[in-house]
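Below is the structure I would like to discuss, written out as structure tokens.
Every number in this text was worked out from the coordinates using simple rules, so none of it is lab data. All of these numbers come straight from a predicted model, not from anything done at the bench. Note that each Cβ is placed from the backbone with ideal geometry, even for glycine, and that neighbours are counted across all protein chains shown.
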Amino acid sequence: MSAPPPPPRLLDQLRDALRVRHYSRRTEMAYAGWVRRFVVFHGMRHPRTLGPADVSRFLSSLASHGVAASTQNQALGALLFLYQTVLRMAVPELRDVARAKGRNACRWSCRAGRWQVCSDNCTAWSG
């Protein structure tokens with residue numbers, strides 16, 4: 001007699017749920033990356049053991065590191081999908097989340113293989 005197969009790992013469950021719902025491969029890669037970062041941020045603890053305060057702390061840390069608002073929104077979408085669809089857990093209202101600010105003041109261009117700021121009013125770049 002053989003042992004029963006182990007249950008699917010978290011990221012495999014996430015990928016399966018995304019594929020069943022016909023999400024694109026790029027979305028699958030992005031969501032898997034955000035879930036991986038979330039787990040690593042919390043010391044490799046399983047998301048089932050983490051609460052809304054932990055989700056808020058992760059999202060606020062993204063804002064404090066200067067990510068764009070759309071990046072923070074993508075991370076939020078990935079975590080909501082994880083909790084609601086994969087883990088089938090209700091996500092209470094997230095409170096005290098520092099929101100990332102839009103980045104419309106900075107414009108970048110690539111000339112001769114070098115990235116440079118094109119706007120004089122950009123405060124995100126000091127070099």
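Please work out whether the stretch 21-87 counts as rounded, prolate or oblate from its C-alpha gyration tensor, where a ≥ b ≥ c are the square roots of the eigenvalues and a/c under 1.5 means rounded, while otherwise a/b larger than b/c means prolate and anything else oblate?
Working: a/c = 1.78, a/b = 1.12, b/c = 1.59.
Oblate is the answer for the stretch 21-87, as a/c is 1.5 or above yet b/c matches or exceeds a/b.
Expected output is a single nm value to one decimal: the length gained when fully extending between Arg95 and Ala53, i.e. 0.36 nm times separation in residues minus the C-alpha distance. What is it? Intermediate values should be presented prior to the final figure.
On the way: separation 42, 0.36 × 42 = 15.12 nm, distance 0.77 nm.
Once the chain is fully extended between Arg95 and Ala53, it gains 14.3 nm.
If you take the square roots of the eigenvalues of the alpha-carbon gyration tensor of the stretch 1-58 and sort them as a ≥ b ≥ c, do you get rounded (a/c under 1.5), prolate (a/b over b/c) or oblate? Before the final figure, lay out the partial values.
Working: a/c = 2.51, a/b = 1.19, b/c = 2.10.
It is oblate, given that a/c is not under 1.5 and a/b is not larger than b/c.
Oh, and also: Report the extension gain between Arg9 and His46 in nm, rounded to one decimal, defined as 0.36 nm multiplied by the number of residues separating them, less their alpha carbon distance. Please list the in-between numbers first.
Details: separation 37, 0.36 × 37 = 13.32 nm, distance 1.07 nm.
That works out to 12.2 nm of additional length.
Continuing with this model, one more query. Sum up the charges of everything whose Cβ sits under 13 Å from the Cβ of Val55, counting Lys and Arg as +1 and Asp and Glu as -1, but leave Val55 out. Present the calculation step by step, with values, prior to reporting the outcome.
Values: positive: Arg37, Arg45, Arg48, Arg57, Arg95; negative: Asp54, Glu93, Asp96.
Once positives and negatives cancel, what remains is +2.
Can you give the local net charge around Thr85? Use residues other than it whose beta-carbon is closer than 15 angstrom to its beta-carbon, Lys and Arg +1, Asp and Glu -1. Kindly include the intermediate steps, with their values, before the conclusion.
Working: positive: Arg15, Arg19, Arg21, Arg48, Arg88; negative: Asp12, Asp16, Glu28.
Neighbour charge sum, excluding Thr85 itself: +2.
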